[in-house]
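No value in this document is a laboratory result; all are computed from the given coordinates. Quick caveat, the model's predicted, so the values are computed rather than measured. As a convention, Cβ positions derive from the backbone with ideal geometry for all residues, glycine included, and neighbour counts pool all protein chains shown.
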Amino acid sequence: MDNVILLTVLVGSLGLAVIFGRYIARMIVYEKRPLEKTLGRVENGFYKIIGVDRYEQMTWKQYFLALTVTNVIAAGFLMAVLLYQNTLPLSPKPGLSLDLAFNTAASFVTNTNLQHYAGDQQLSIFSQMVGLIFMMFVAPASGIAAAFAFIRGFIRKEFGLGNFYVDFTRIVITLLLPISFFAALLLLFLGTPQTLDSTITVGTLQGGNQTITIGPVAAMESIKELGSNGGGFFGANSAHPFENPTGVSNVFEIILMLVIPLSFPIAYAHLIGRGRGISILVTMLIGFGVMLALGLSESSGPTGLETRFGSFGSTLFQESSVATNTGAANAALTGMSPNAVIGLFLGMFVQAIPGADGTGMMMMIVFVVLTLFLVGLMVGKTPEFMSMKINPKDVKLAAFVFLIHPALILIPSVLAYTTENAQAILGEQTTPATFNQVLYEYSSASANNGSDYLGTAANTPFWNWSTAWVMILGRYAPIGLMLAIAGSFTLRDRKEVVEPIKTSGFLFVGVLSVMVFVLTALTFFPFLAMGPFSM
């Protein structure tokens with residue numbers, strides 16, 4: 001049965017990725033899509049409302065500025081909703097504290113969805129539906145749009161990276177909204193509730209009554225998984241039977257998490273060459289396979305796991321969630337085996353096997369640039385990529401993208417212990433288990449993942465402010481640097497040259513896979529040695 005489930009997930013996600021990959025490729029280069037006239041009319045209406053010229057091209061700086069400003073405005077709106085939810089309709093509850101509201105707004109706008117609150121207990125229906133679900137479209141659409149611009153940098157010369165507002169509008173209207181709508185209908189059929197009522201009263205076997213929290217769960221759950229979001233309507237996240245009712249919904253939600261990240265290498269194959277795209281896809285699948293192998297190498301639980309899913313279903317969901325930077329959880333992390341936790345760390349450290357919607361593909365191309373540079377040094381050739389020279393500036397930018405992540409993990413972790421904020425919530429005695437929780441918290445925040453051990457225990461000013469800034473820097477600094485790399489390549493001459501290693505085929509897949517894991521191991525092994533390896 002376990003093999004059937006795994007095969008269903010792989011075949012289902014890859015099959016849908018082939019379909020959506022072709023569609024995404026058309027969106028990147030503005031080719032005609034199915035129902036182009038109808039979609040064009042709807043999109044043009046939005047362009048007129050927001051005053052955007054659909055033909056205007058942006059430089060990488062303009063594109064990044066537009067993305068950042070849009071995200072800041074959206075985050076400000078969400079923060080206002082959370083602060084003043086007691087004055088808003090649909091079952092109002094007390095407003096959140098300033099530090100928790102800022103943390104939550106930063107978390108959702110950065111596609112992290114780290115939750116230092118219990119949604120069903122602390123947020124109103126209005127905050128969940130109008131605030132959080134709205135942001136669950138804004139954040140992944142921004143990441144996907146950045147990936148569109150990034151890929152265009154390698155296929156267009158001196159033509160700009162596109163227009164953020166045009167890309168953002170098209171992604172929300174013609175990609176995220178339709179898929180999440182039909183996914184919500186299927187989840188509704190499988191048992192996930194969808195209502196504006198905040199509670200329902202039911203009879204118990206003992207003859208009494210019980211009041212159960214409900215709400216627009218299906219709508220949130222669909223975009224939560226599809227958009228690499230991960231934030232749950234309930235504090236128990238996808239372990240709650242309303243968010244993830246059965247084994248069938250568990251498999252479906254895993255497929256939802258994987259489909260868009262796996263679509264990008266397919267789109268890349270359509271635009272830049274089948275061999276290059278398939279090689280990147282295979283590299284991602286190898287990394288994902290290593291994560292699964294680690295997770296499934298020993299049984300998790302039974303404590304902390306839902307009986308609906310068991311060890312295999314829980315591990316498959318957790319590893320898929322972290323591999324796609326979704327961060328949703330259908331089991332307690334404390335119930336996962338040490339090997340499974342090491343697999344989760346691996347996914348957060350690499351961020352590209354396959355990574356989040358859009359940004360995972362961008363990170364893998366950064367690994368490609370670093371690999372070509374290192375191989376070029378080994379063979380004594382100037383690094384080349386797609387008939388373009390990789391100059392020292394490109395390598396420095398790629399190195400900064402890679403090094404930002406460990407810095408954003410190590411520095412805050414040290415501060416948490418030196419200021420005794422870690423000891424305040426985990427106890428005075430520091431053990432490998434407690435260090436593991438701190439390391440995981442900041443790894444998750446920096447990777448824009450969102451899964452964590454601490455949960456509502458981290459609802460203190462230090463943890464709220466520190467993780468918020470780690471999430472912000474972990475999101476926008478790499479995107480800005482990666483767009484700068486793309487902008488640099490748009491000015492580059494294209495000449496037929498021999499690459500230090502052909503960027504397609506089995507040899508490249510092997511070299512790239514080894515380089516990814518070697519770079520990751522050299523950077524993060526000391527962290528793991530102090531945490532999960534010592535547990």
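Before moving on, here are some points about what is shown:
- Segments 209-216, 368-375, 103-110, 186-193 sorted - mean Cβ within 10 Å per residue, highest first: 103-110, 368-375, 186-193, 209-216
- Most tightly packed first, judged by the mean number of other beta-carbon atoms within 10 Å of their residues, the peptides 332-339, 437-444 read 437-444, 332-339.
- Mean separation of Cα contacts under 8 Å (6+ apart) over length of region 2-272, as relative contact order %: 27
- Shown here for region 245-320: GluC sites (Glu not before Pro) in loop regions (DSSP other than H, G, I, E, B) with at most 16 other Cβ atoms within 10 Å, namely Glu298.
- Using alpha-carbon coordinates, inclination of helix 2-29 to the longest axis of the chain, degrees: 50
- Sparse-neighbour loop sites [trypsin sites (Lys or Arg not before Pro); region 99-202; at most 14 other C-beta within 10 Å; DSSP]: Lys157
- For the peptides 116-127, 352-363, the ranking by mean Cβ contacts within 10 Å, running from highest to lowest, is 352-363, 116-127.
- Applying a threshold of 29 Å to the alpha-carbon distances of Lys157/Lys393; Lys32/Lys157; Lys393/Lys495; Lys48/Lys495; Lys37/Lys389; Lys61/Lys396 flags Lys48/Lys495; Lys37/Lys389 as lying beyond it.
- Ellipticity estimate at 222 nm from DSSP helix runs (n ≥ 4, -39,500 (n - 2.57)) divided over the chain, nearest 500: -21500 deg cm²/dmol
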